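Working notes, beginning with the structure itself.
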Amino acid sequence: MANAMGISKQGFTNKMTRDSFTDKDMYLIANYLGMEIIIKGEKEYVLKED
């Protein structure tokens, strides 16, 4: 997973420990897993690569 995100294994562990994933991190993880991120509220948003 760390490789897919372009970070070190320690960097990934730090993000897990600190719960500090960004929207880009979530996109990269979902993309790696063949999924997409959908945020629902009053409106619906799908995270896509910039």
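The values are calculated or read from the model by the stated rules, or taken from the named source; none is laboratory data. Predicted, not measured: the structure shown is a model, and the values here were computed from it. A quick note on method: Cβ atoms are made from the backbone with ideal geometry, for glycine too, and the neighbour counts reach across all protein chains shown. Surface areas here come from the heavy atoms of the whole protein model, side chains and all, with no ligands, DNA or RNA. Shrake-Rupley method; radii C 1.70, N 1.55, O 1.52, S 1.80 Å.
Each Cα pair under 8 Å and six or more residues apart adds its sequence gap; the mean of these over the residue count of the chain is a relative contact order of 28 percent.
Taking the square roots of five times each eigenvalue of the Cα gyration tensor of the chain, the equivalent ellipsoid has semi-axes of 22, 13, 8 Å, listed largest first. In the chain, helical runs assigned H by DSSP with n ≥ 4 each contribute -39500 (n - 2.57); averaged across all residues and rounded to the nearest 500, the mean residue ellipticity at 222 nm is -13000 deg cm²/dmol. Apolar share of the accessible surface for the chain: 50 percent from carbon plus sulfur atoms, 1.4 Å probe.
Per residue, the accessible area of the chain comes to 86 Å² when a 1.4 Å probe rolls over the protein heavy atoms. Under a model in which nothing but the beta-carbon of Lys, Arg (+1) and Asp, Glu (-1) is charged, the chain shows a dipole of about 220 debye around its Cα centre.
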